[in-house]
Amino acid sequence: LKGEVRQTLLINLLSELVDLHPADTIIFKIDDSNNLDAATGKFLSSLSSSDKAFILYATSKKIPVNVPNLIKLTPLKDSAILEIFRRSLSLPNGEVEEKLSSSFLSAASGSPLFARLLSNYMKASRLLTYQGGVIGFNDRGQDEAKSLTSAAITGYLQELLDSLSPESSLMIRCATLLHSHFTAYELYALFKCEHNLPPPPHSLSELVNAGLLRSSPDETLSFTNNNILELISASIPHAQQCNLHSHYLKLLEDRGGAPAPELFTHAIGAKDFSRGRLYGLAAATEQKDAFLLEDALTTVEKATQFIDPNDAQNAARIKQLHGELLCVCDRSTDGLIFLEESLGLSGEVVNPSCLSSQKALQEVHYKFNLSDALIPIRQKSFLITASQCYDRLSRIYFQTGKIQNAFFAVYRGLNIAEMSGSQEQMAKAYSTVAFVTKRVDYARKAQLVSIPNSPTAAFVDMLYGGMLIGEGAFEDALDVLRRSINCASSLKDFATLGLSMSVLGWCYFVQGKFDRSLRISEEMLELGKEKGDIRFLNWGTHSKIRDYLALGRMDEARSLMIGVDNDFIKNGMGKLLNSDQIHLTGFKVRLAMDTSVEAVKKVLSDHDDVVSKLFKPCTQLVEFAGLCSIIEGLLMVKEEEGGGGCDEIIHKILMATEHYVKSYPIFGPRLKFYMWRFSGDGTKATTLDEAWRLAVEFGMEVEKGLIVKA
């Protein structure tokens, strides 16, 4: 039926339905609505003026432009997608093996349409097997698992893309560079820059209505499906991709920049070697400072591709950072090769004999003896770079527990700094000696030679403040730390600012002023959110957990710890520095102590490698809370179960902690208190008296409370 006859018939039929079911909503379901004839379309439009309730449910393979009240579908849950898969195979009760399930869910990306396309493709291509109630890949399916998306879905997506207007097709290609959560302004700016055309007003709504882009409540845009993003990206010619990256990189720079890793990604895409060197080094440094060590290592390895042999200083900096990261990631042999090469490259003239050889490597590795072969030219810039290299290497060794190597490196770096005659480098070297050896006299030397209101002065004050806390000089420590914070803030030196705020929080925490330390933790978190700085977010979160535990706010601590624990699982505890491993394990022990002895035993067993690190003395102020929690967890198990296997572990840790207390006397009362809990009856009274004397001497209210309670 055509035209008016068809329309009249439909109207009459509708009237009959309304008469028969006056209270029901009328639903129209139309398949393949892109082939709708004009008369039917006019009739459906007229329904909007009726007093009755109507729902129009239509499917379309083409793009409905300017359709009001479109229903935006969200991705289906994994269970629903697998249910579609099983029913498509007529095996509703079949169990899907893990590899097939993972490949299928990844390719379907929550789309029921993609799920059906994939199911039909795998069934038609005979890629599956069904044995013992389990659906899995056969041998051919195993081979094709990685190409499921392109094989099954590409045709459909290509048909959808071909139906776009030319302007929208150009715009969606620009959007591939923005990936996720971008604004219409960013997309329009890139389109205008790339094509030298004003953005077409209808294209954005066309792309959203087509289901290619999704608009969020915060007015950001994103691709609805990764398969769409990958397909469009693959279709863009290489030269055009380079242009897009180059234009977008310039846009980011013009608007005031972006995180260094993002800038580096676009520099790589644009094949811009100059910016690649600049942003690669900045990105790796930013990731390293945020303790994203594996990410930083990947970045710096990419940055080595951009090294300019004519720019020895930049090459030295990249190789130096590469070497540091390799050492931290337990690849010290490879790392020392890069560090040695950076020593050679830091001079304007490179002597071939200074480049890596096994003999020279052994000298550097075991003796830290900077021979004449490793100093081709004793010029100031070279000596400064060489000193910085040893300075950083000593910190890496120290933070990963290789104390003897750290001592060799730190004194060698100091010797070279003195040879350079650089006041700034000497201040850095003195501060590193103080950091590694815990010698206050070197911290004071660093203060004397550092240039006022410089980044080094701020860092030295932070370090000296921490050492004053260890001696119990809290008021002096507060003055020095506030000076460091003010200096770092004025210089916008956020790395030192975060460290200084963290140490200030510890100053209050050690005194038992947990509410004050909590306020500092919250300030760090706020700064992290405001600046998008992961370092402040990490420092603030970890400090806040510490403060909540001390205040007995266990539920709040446990809630924060969930996110931190997920990072453990994702990144692996072994990638963290020793101090982080100790205090984060301590958090888990403390939370377990609030549950049961069995929970404590499980945490200690799961992290026995971290517990064994405490057989050597701790080295940093920030390890105190974690150390205490682990000792208390072990004492809880001993006291509940009568010792047994815990005695030897506790004894080793307490003996090592005696050396820790030599660097930080303020922790003496707590050590003596633990020794009292652990010791035999004959020495208990004497040990507790000594703990009380030290607690009174240092004004340690928390320790005094523990002793009175005991």
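Tabulated data
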quantity	calculated
Sorted peptide list for 620-626, 600-606, criterion being average Cβ within 10 angstrom, highest first	620-626, 600-606
Packing-based ranking, highest mean first, of 95-105, 267-277, 499-509 given that Cβ atoms within 10 Å are counted	499-509, 267-277, 95-105
Rounded, prolate or oblate (a/c below 1.5 giving rounded, otherwise prolate when a/b exceeds b/c) for the stretch 82-199 by Cα gyration tensor	prolate
Carbon and sulfur %, accessible surface of the stretch 474-524 computed with the full protein complex present, 1.4 Å	50
Sulfur and carbon atoms: percent of accessible area, the stretch 410-468 [1.4 Å]	56
Gyration tensor over alpha-carbon atoms, the stretch 264-329, equivalent ellipsoid semi-axes in Å	18, 14, 8
Accessible area in square angstrom per residue, the stretch 578-676, 1.4 angstrom probe	37
Kirkwood-based shape ratio for the stretch 606-710, expressed as Rg/Rh from alpha carbons	0.95
Cα-based convex hull volume of the stretch 441-509 per residue, rounded to whole Å³	66
Average accessible area per residue (Å²) across the stretch 150-287 - probe 1.4 Å, nucleic acids and ligands excluded	46
Extension gain from H202 to R553, taking 0.36 nm per residue of separation minus the Cα-Cα distance	121.0 nm
Label point distance in nm, S102-N310, each placed 7 Å from Cα along Cα→Cβ	4.8
Normalised alpha carbon radius of gyration of the stretch 197-281 [divisor 2.2 N^0.38 Å]	1.26
Accessible surface of the stretch 582-710, 1.4 Å probe, proportion on carbon and sulfur as whole %	54
Solvent-accessible area per residue, Å², over the stretch 412-535 with all protein chains present [probe radius 1.4 Å]	40
Full-stretch length increase - D289, D476 - with 0.36 nm per residue and alpha-carbon distance subtracted	64.5 nm
Burial order of peptide ranges 222-230, 407-415 (average beta-carbon count within 10 Å, highest first)	407-415, 222-230
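The values are calculated or read from the model by the stated rules, or taken from the named source; none is laboratory data. What you see is a predicted model; the values in this text were computed from it and never measured. Counting neighbours? That spans all protein chains shown, and the Cβs are built from the backbone with ideal geometry, glycine included. Each accessible area value is taken on the protein alone, full model and side chains, heavy atoms only, with ligands, DNA and RNA left out. Shrake-Rupley method; radii C 1.70, N 1.55, O 1.52, S 1.80 Å.
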